[in-house]
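Worksheet: one structure, shown below.
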Amino acid sequence: MVLGSLLCLLFALGSQSLDAQTARRIDSLLLKLQEPLADTLEIEYHWEIGNDYWLYHEDSLDLALYHTKTSLALAQERDQTMWLVHGYNLLGKIFNLTQDLDSAIWAYDLGMEASLQLQDSLRYMMLYDNKANIYVDKGEYAEALTIKQEASDYFRVHSDSNTVSSSYFGLGYVYLMRGDYQRAKEYFYESLSFAQDWPLIESEIYGNLAMIYTKQDQPDSAEFCFRQSAALSREIPSIFNLNLYEYALFKDELGEPDSALHYLEQVLDAEGQGMQLEQYKIMQLDYVRILAQQGQRRQAQLHYNKVADDFNSSQNPRHMRTLYQTQAALYESLGEYRNALSAHKKYQQLQDSLQNVDNEERFKEIEVRYETEKKEREIQALSAENTIAAIRLASSRKLIIGLVAGLAGLALLSFFLYRQRQRIKFQRDIINRALAEKEILLREIHHRVKNNLQFISSLLGLQSEHISDSRALGALQEGQDRVKSMALIHQDLYQDENLTGVDMKKYFTKLIRALFDSYNIRRGQIELDLQIEELNLDVDSVIPIGLILNELVSNCLKYAFVDQETGEIKVSLQELDNQLLLQVSDNGVGITEAQKSRLGSSFGYRLIDVLREQMRGQLHIIAGEGTTVKLVINKYEKTQEPIPGHSV
């Protein structure tokens with residue numbers, strides 16, 4: 001939902017469960033309009049019908065527009081200024097909902113003029129604040145922030161607490177759209193402190209806080225906020241199902257697909273009540289994708305057939321990207337690797353295209369900023385020259401020739417220093433611009449490396465379709481896992497702020513979960529105990545460590561739990577005395593001395609040994625109740641954690 005229409009709803013309603021009652025109310029008002037009425041009643045009834053259609057009947061906005069314009073025409077004709085204020089405010093909301101944003105601004109401006117005639121400053125500021133919402137929807141955030149700050153300052157003194165709450169919510173939302181998460185959080189919590197018995201806005205606040213905490217990789221805080229948002233909106237269908245959908249995506253991102261499916265199925269049971277139709281269809285695609293990734297092929301195919309035709313003629317590239325991503329997951333689960341590869345290629349092409357559009361917008365923004373600063377420098381230089389000329393002229397009339405010469409010399413020295421300062425600033429701007437371009441290019445390199453590795457993985461999957469020998473199939477599967485372990489590294493690099501280092505805790509978690517999925521480990525079958533220190537390592541250090549972890553965990557999953565229903569794998573990574581200690585252990589069948597002596601003949605062990613030498617490490621294999629492998633690593637590089645909002 002766009003900000004303008006959202007905040008209009010926040011000012012106007014607490015729930016939207018009155019459809020039948022509202023229809024009867026509209027019919028009653030229409031009957032009254034057939035009777036002779038006082039001037040103001042006729043204006044009021046047309047306005048109330050227009051308002052009801054705007055609130056509860058998105059498919060009848062033409063009727064809302066008709067009755068609102070009729071009310072305005074009557075108010076103009078009968079010189080009812082107060083109803084002009086009400087009418088233009090409602091007209092702006094209708095234009096906002098139909099995305100006619102320039103007309104919405106026009107309507108709010110006329111409403112503000114009428115408020116000035118009445119000398120009603122409170123209504124003037126409310127219209128002014130609504131106008132700011134339109135600037136948000138247009139992407140003109142600086143203008144929106146200026147207006148909203150003025151409106152918030154006014155409401156803080158002259159209005160009730162819920163109006164103040166809504167105003168601070170608007171400020172938080174603008175900062176959220178700009179990517180300034182810290183300021184957004186401050187205003188959202190400020191908004192929460194003023195809200196009184198208003199579950200609609202409280203639910204929206206917690207929903208936005210959940211999104212911020214998700215982006216900041218704080219899953220516990222995000223989980224709490226999602227739950228609060230859902231609890232507050234349970235009786236408000238217009239946002240409850242949307243909150244459940246966002247919560248499901250959050251669960252999927254955390255690697256909890258069963259929970260994600262559970263919440264998506266609740267939205268399906270409610271038939272997406274309160275959601276826009278397009279949004280509901282996209283949600284169904286996400287449902288199909290997660291079903292396919294969980295191996296529920298038949299159900300995924302069934303739901304896909306219901307929704308796929310709705311997207312075949314879509315011109316929205318972001319919707320088509322979701323469709324191709326879903327197709328790739330579905331075809332892969334069905335074993336149709338050729339179709340999966342084709343869908344994956346289309347998805348990557350759209351992904352690259354959309355990313356290129358984003359990059360072009362960033363370059364344009366940098367270029368505009370550079371050109372603006374260049375013009376400002378030219379204006380400053382001209383101003384300085386004019387100032388020097390004026391000083392010279394005044395001095396020639398009032399001072400002796402020697403004093404004029406001294407002032408001229410001082411002016412020239414000042415001008416020289418000014419030019420030097422400007423030259424340094426210009427060079428610094430060039431360097432900053434080059435750094436920004438380098439960051440974009442580095443992110444693009446990691447993105448393309450990840451894509452190429454995924455392409456290789458798909459090729460290996462396609463090849464396995466034509467091989468029946470079990471050992472060959474196993475080798476291909478191991479090859480796929482090794483490629484995926486490297487692809488995950490580059491995926492994290494281009495998605496995170498830190499373009500040169502990898503968060504080991506997050507990487508180990510994703511890698512091991514991918515291996516569990518690859519070996520079809522059921523929930524509760526094998527417990528995983530992760531004890532990973534907070535470390536950021538250089539990519540050249542992470543690749544061999546990731547490959548070694550891939551081999552060790554794969555061996556546990558393949559050999560440790562033969563004839564066992566359950567088991568446990570422990571993985572730890574710690575830094576002690578300038579050394580890394582990687583330890584992988586299981587409580588499986590263990591390893592005999594004879595088996596240890598034959599390890600050198602396997603490809604996996606030889607790969608581990610080569611990577612161990614590369615990192616100047618020592619490997620120890622300990623047999624007991626299960627098997628424990630310890631690797632001490634002496635050669636590795638750490639990177640600093642990125643400062644929020646900056647790239648390293």
Considering only the range 294-321, state which residues are over 18 Å from Asp269 (Cα atoms), modelled with pLDDT under 85 and open to solvent by less than 70 Å² (accessible area, probe 1.4 Å). Ala308, Phe311, Ser314, Asn316, Pro317, His319, Met320, Arg321
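Condition first: among the hydroxyl-bearing types (Ser, Thr, Tyr) and either closer than 18 Å to Ser166 by Cβ or open to solvent by 60 Å² or more (accessible area, probe 1.4 Å) (or both). Now tell me which residues in the range 104-139 satisfy that.
Step one: of the range 104-139, the residues among the hydroxyl-bearing types (Ser, Thr, Tyr) are 108, 115, 121, 124, 128, 135.
If the condition is that a residue be among the hydroxyl-bearing types (Ser, Thr, Tyr) and either closer than 18 Å to Ser166 by Cβ or open to solvent by 60 Å² or more (accessible area, probe 1.4 Å) (or both), then Tyr108, Ser121, Tyr124, Tyr128, Tyr135 are the ones that fit.
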Tally, over the range 192-231, of residues that are in contact with a Gly (Cβ under 8 Å, 6 or more places away or on another chain) and closer than 19 Å to Tyr141 by Cα: 1
Could you list all residues from the range 519-566 that are among the aromatic types (Phe, Trp, Tyr) and within 33 Å of the chain's Cα centre (by Cα)? Tyr519
Subset of the range 219-258 [polar (S, T, N, Q) and at pLDDT below 85]: Ser233, Ser238, Asn241, Asn243
Quick check, is Gln76 open to solvent by 30 Å² or more (accessible area, probe 1.4 Å), on the phi > 0 side of the Ramachandran plot and without any contact (Cβ under 8 Å) to a residue 24 or more places away in the chain? no
Please work out if Leu101 is within 27 Å of Asp153 (Cα to Cα), open to solvent by 60 Å² or more (accessible area, probe 1.4 Å) and of a type outside the set (Gly, Ala, Ser). no
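Working only within the range 38-80, note down all residues that are in a helix (DSSP H, G or I) and among the acidic types (Asp, Glu).
Step one: list which residues in the range 38-80 are in a helix (DSSP H, G or I), which gives 39-56, 58-77.
Answer for the range 38-80, where residues must be in a helix (DSSP H, G or I) and among the acidic types (Asp, Glu): Asp39, Glu42, Glu44, Glu48, Asp52, Glu58, Asp59, Asp62, Glu77.
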Among the residues of the range 196-216 satisfying the criterion of being under 11 Å from Asn162 (Cβ atoms) and open to solvent by 20 Å² or more (accessible area, probe 1.4 Å), which is modelled with the highest pLDDT? Glu202
Within the range 263-283, does at least one residue satisfy the condition of being more than 22 Å from the chain's Cα centre (by Cα), closer than 19 Å to Ala329 by Cβ and either open to solvent by 50 Å² or more (accessible area, probe 1.4 Å) or without any contact (Cβ under 8 Å) to a residue 12 or more places away in the chain (or both)? yes
Which condition breaks for Ala38 when tested against (1) at pLDDT 80 or above; (2) surrounded by 13 or more Cβ atoms within 10 Å (Cβ to Cβ); (3) among the hydrophobic types (A, V, I, L, M, F, W, C)? (2)
Of the residues Ala151, Ala142, only one is modelled with pLDDT under 90, open to solvent by 20 Å² or more (accessible area, probe 1.4 Å), assigned to a helix (DSSP H, G or I) and hydrophobic (A, V, I, L, M, F, W, C); which? Ala142
Give me the pairs, please: first residue somewhere in the range 587-615 and in a loop (DSSP other than H, G, I, E, B), second residue anywhere and surrounded by 11 or more Cβ atoms within 10 Å (Cβ to Cβ) and basic (Lys, Arg), beta-carbon distance under 7 Å, and either six or more positions apart or on two chains. Met615/Lys635
Determine which single condition Val584 fails, assuming it passes every other condition in (1) in a helix (DSSP H, G or I); (2) open to solvent by less than 20 Å² (accessible area, probe 1.4 Å); (3) among the β-branched types (Val, Ile, Thr). (1)
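The values are calculated or read from the model by the stated rules, or taken from the named source; none is laboratory data. Quantities reported herein were computed from a predicted structural model and do not represent experimental measurements. Glycine gets a Cβ as well: all are built from the backbone with ideal geometry, and neighbour counts include every protein chain shown. In case anyone asks, the SASA skips ligands and DNA or RNA and just uses the protein heavy atoms, side chains included. Shrake-Rupley method; radii C 1.70, N 1.55, O 1.52, S 1.80 Å.
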